[in-house]
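Visitor: Take a look at this one; I'll ask things after.
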Amino acid sequence: MPASQETEVVEKEWFDELTTPLNACSLETYFPIPRDDDISCNDSSNKLSDIPLVVGCYQLNDSPNTESDDDADSKTSAATTSSPSRCGELRLHMISQPTTSKAEMKFGDASCILQMESGILDGKWKRRKRNDYNEQTTTTHNVQSPLFASACASGRIHIHSLTKKKCTINSTPCLTHLASSEVQDDSGLCLSLAWNDYLNESDDQIVSSYSKGEVAIHQVSYSEVDTNDTKLQLEEVNRWRAHTLFGCLSEVWTCSFLRGVDNVVLSGADDI
């Protein structure tokens with residue numbers, strides 16, 4: 001390549017780095033998206049002092065070594081039926097917002113670590129406020145707290161809210177579990193998900209994709225339990241086979257709603 005066309009490589013310095021015990025598969029920071037008629041998100045008094053960041057972790061554990069004193073056939077059978085297990089966790093970090101453009105940012109210690117039922121492959125914050133929010137009548141617990149949805153290798157979707165754990169001295173930010181989806185038979189791993197944040201007038205929904213070629217839509221609904229609590233429910237309303245490769249179901253690695261269109265979703269997989 002001629003010298004005039006060479007691309008200059010500029011080395012960047014890291015502000016900070018973090019090593020997680022398990023493999024980090026997703027990393028999401030929370031910034032609310034204001035609606036066109038919502039000025040509260042632009043009000044500096046309503047902004048979070050720290051930036052919530054969630055790292056979703058995944059690890060595939062080796063199959064247990066199953067041995068038998070019987071003949072070789074029993075050993076072969078045990079090795080065939082045993083399968084590797086998966087473990088995962090959600091790690092919440094609260095990052096101080098920089099005071100200047102050159103201020104260094106640090107991960108700091110995790111304020112909350114949740115051991116999950118299986119590996120976490122993706123996670124997304126719900127960034128837009130609900131349209132039916134009324135400051136005079138709606139409590140800030142659960143519904144108006146930032147919501148985080150995670151895609152689990154078990155096939156489930158989990159939703160947590162960002163709350164504060166009260167203690168004697170101060171309040172520590174933490175993730176509180178609100179709801180989980182049901183596991184469909186032989187649905188495979190839940191690989192990715194997305195909220196319908198860019199559809200202003202729609203009910204809250206999550207689109208998710210799976211390792212066996214499927215895409216699903218889950219409805220998120222809210223019901224008031226009492227004056228201080230709101231119950232969240234996660235219900236699957238649609239599922240279809242979206243991708244195949246050479247006649248076989250293929251992994252659907254990513255999915256999303258189409259901005260501004262309430263009846264179209266996008267998905268990407270290994271098919272050709």
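Visitor: Taking R0 as 35 Å, what's the FRET efficiency between residue 235 and residue 17 from their Cβ-Cβ distance, rounded to 0.05?
Guide: So the FRET efficiency works out to roughly 0.30.
Visitor: Evaluate E = 1/(1 + (r/R0)^6) for residue 31 and residue 104, where r is the Cβ-Cβ distance and R0 equals 22 Å; express this FRET efficiency to the nearest 0.05.
Guide: The pair residue 31/residue 104 has a calculated efficiency of 0.65.
Visitor: Give the accessible area for residue 253 in Å² (nearest 10); use a 1.4 Å probe, count only protein heavy atoms, and leave out ligands, DNA and RNA.
Guide: Residue 253 exposes around 130 Å² with every protein chain in place.
Visitor: Which FRET efficiency value, to the nearest 0.05, do you get for residue 258 and residue 164 by plugging their Cβ-Cβ distance into 1/(1 + (r/R0)^6) with R0 = 45 Å?
Guide: Step by step, r from the Cβ atoms, then E = 0.80.
Visitor: Another one. Once the whole set of protein chains is in place, how much accessible area is left on residue 244, using a 1.4 Å probe, in Å² to the nearest 10?
Guide: Roughly 70 Å² of residue 244 is accessible to a 1.4 Å probe.
Visitor: Please sort 115-127, 49-61, 178-190 by packing, taking for each peptide the average over its residues of neighbouring beta carbons within 10 angstrom, highest first.
Guide: By packing density, highest mean first, the sequence is 115-127, 49-61, 178-190.
Visitor: Measure up 164/212; 126/165; 106/164; 165/212 against 27 Å on the Cα-Cα distance and list the ones that go over.
Guide: 164/212; 165/212
Visitor: Roughly how many nanometres apart are two label points built 7 Å out from the Cα toward the Cβ at residue 176 and residue 97?
Guide: If labels sit at residue 176 and residue 97, their model points lie 2.3 nm apart.
The values are calculated or read from the model by the stated rules, or taken from the named source; none is laboratory data. Note that the structure is a prediction, hence the values are computed from the model and not measured. When we count neighbours, we look across all protein chains shown, and the Cβ atoms used for this are built from the backbone with ideal geometry, even at glycine. Accessible surface areas use protein heavy atoms only, side chains included; no ligands, DNA or RNA. Shrake-Rupley method; radii C 1.70, N 1.55, O 1.52, S 1.80 Å.
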